[in-house]
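Working notes, beginning with the structure itself.
Coordinate-derived values only; no laboratory data. Please read these numbers as outputs of a predicted model, since none were measured by experiment. Methodologically, a virtual Cβ is constructed for each residue, glycine included, from the backbone with ideal geometry; neighbour enumeration extends over all protein chains shown.
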Amino acid sequence: MRFGYSETCLDHDPGPRHPETPDRLRAIRERLKHKHGVEYVDAAPASLDRMAAVHDREYLEEVAAFCDAGGGNWDPDTTAVEGSWAAIEKSAGLACWAVERAVEGEDGRETPFSIGRPPGHHAVYDDAMGFCFVNNAAVAVQYALDELGIDRAAIVDWDVHHGNGTQDILYDRGDVFFASTHEAGLYPATGDVEETGDGAGEGATMNVPMPAGADDVDYLAAFEELIVPTIERFDPGLLVVSAGFDAHRHDPISRVRLSTEGYALLTDRLRATAATTDAALAFVLEGGYGLDVLADSVAIVHETFDGREPIEPDGEVDDAVQRLLADVADAHA
């Protein structure tokens with residue numbers, strides 16, 4: 001894969017006890033050091049105009065001024081320092097690079113994966129939250145719609161936390177399908193099955209709030225029975241994966257039980273979906289706070305594109321998950 005990366009993203013440092021640490025990127029780089037076919041590419045920072053296509057401009061200017069004044073606690077979870085604004089611009093710019101390269105035809109072993117930080121999927125239209133200031137995936141998709149000739153796009157968010165910011169930005173729009181698998185009841189306590197979109201966006205949002213303990217078999221069922229068929233019907237020209245890795249069974253802040261192999265399986269299914277719909281495919285890093293399992297999971301995504309066949313799991317779908325999938329299907333009937 002080709003990884004979008006910049007040292008500038010290390011300058012956003014929320015502090016030694018904060019889980020969204022620059023060490024996340026260092027761990028990924030260390031894990032990929034000896035992998036075949038890894039390439040790193042820097043990109044231009046996103047302009048204020050490009051970010052303001054999905055965010056309130058006054059809010060963005062307030063964040064820039066906040067960082068310029070030295071930063072601090074925006075809220076109890078979301079912290080900035082003086083170098084954070086440059087990292088925010090760069091992280092959004094790397095996401096735009098990823099979709100641009102995907103739309104230009106880079107796929108297979110050259111599939112783009114932006115590993116910028118801070119992450120973005122909790123950032124709503126006019127506020128920061130959950131470690132996120134600017135919604136990188138939404139900025140990138142809007143860039144593709146505005147400037148790269150894409151008419152319809154899809155975002156699949158497999159982070160263990162609901163991508164409430166992405167949903168907030170896209171909820172009343174019909175040109176972007178948004179699907180989120182996340183642990184039910186976990187921060188930010190949004191993403192119920194009944195949240196399916198509004199107005200022109202009715203039906204274009206799909207939430208699959210997984211129970212604690214859901215594993216590879218359960219996630220595969222959600223993708224194969226719900227998310228993949230809906231994407232195929234939607235027929236997007238671009239598919240972006242909001243790739244958080246905190247649903248891993250060894251991540252310290254969740255109770256979902258995806259394995260490293262599970263991420264290979266989900267990657268394989270979305271790669272096949274992109275091929276079926278002839279959609280450009282790009283990945284954008286979100287969460288993941290156990291450094292070893294984060295690095296292993298990003299590496300398994302890379303290895304899947306480098307020719308490794310994922311190992312199919314054994315077992316049956318949990319009864320609670322079967323009921324959940326039926327409820328989601330009913331909500332979208």
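Structural remarks
- Gyration tensor (alpha-carbon) shape descriptor, the stretch 221-327, a/c threshold 1.5: oblate
- Calculated FRET value between ILE253 and ASP327, using beta carbons and R₀ = 22 Å, to 0.05: 0.25
- Label-to-label distance, nm, for residues given as GLU316 and GLU104 (7 Å Cα→Cβ offset): 5.1
- Counting beta carbons within 10 Å around each of ARG24, ARG308, ARG173 and listing the fewest first gives the order ARG308, ARG173, ARG24.
- Rounded, prolate or oblate (a/c below 1.5 giving rounded, otherwise prolate when a/b exceeds b/c) for the stretch 1-87 by Cα gyration tensor: oblate
- Extension gain for HIS34-ASP198 works out to 54.4 nm (0.36 nm per residue, less the C-alpha to C-alpha distance).
- When you restrict to C-alpha pairs under 8 Å that are six or more residues apart and normalise by the size of the stretch 2-331, the relative contact order lands at 19 percent.
- At R0 = 25 Å, FRET efficiency that the Cβ-Cβ distance of ASP278 and GLU309 yields, to 0.05: 0.65
- Cβ crowding within 10 Å ranks SER6, SER114 as SER6, SER114, fewest other Cβ atoms first.
- When the helices of the chain are scored as -39500 (n - 2.57) per DSSP H run of n ≥ 4 and the total is divided over every residue, the value at 222 nm lands at -11500 deg cm²/dmol.
- Sorted peptide list for 217-226, 92-101, criterion being average Cβ within 10 angstrom, highest first: 92-101, 217-226
- Relative protection proxy for 49-55, 317-323, 121-127, from highest mean packing down: 121-127, 49-55, 317-323 (other beta-carbon atoms within 10 angstrom).
- For GLU62, GLU183, the sequence from fewest to most other C-beta atoms within 10 Å is GLU62, GLU183.
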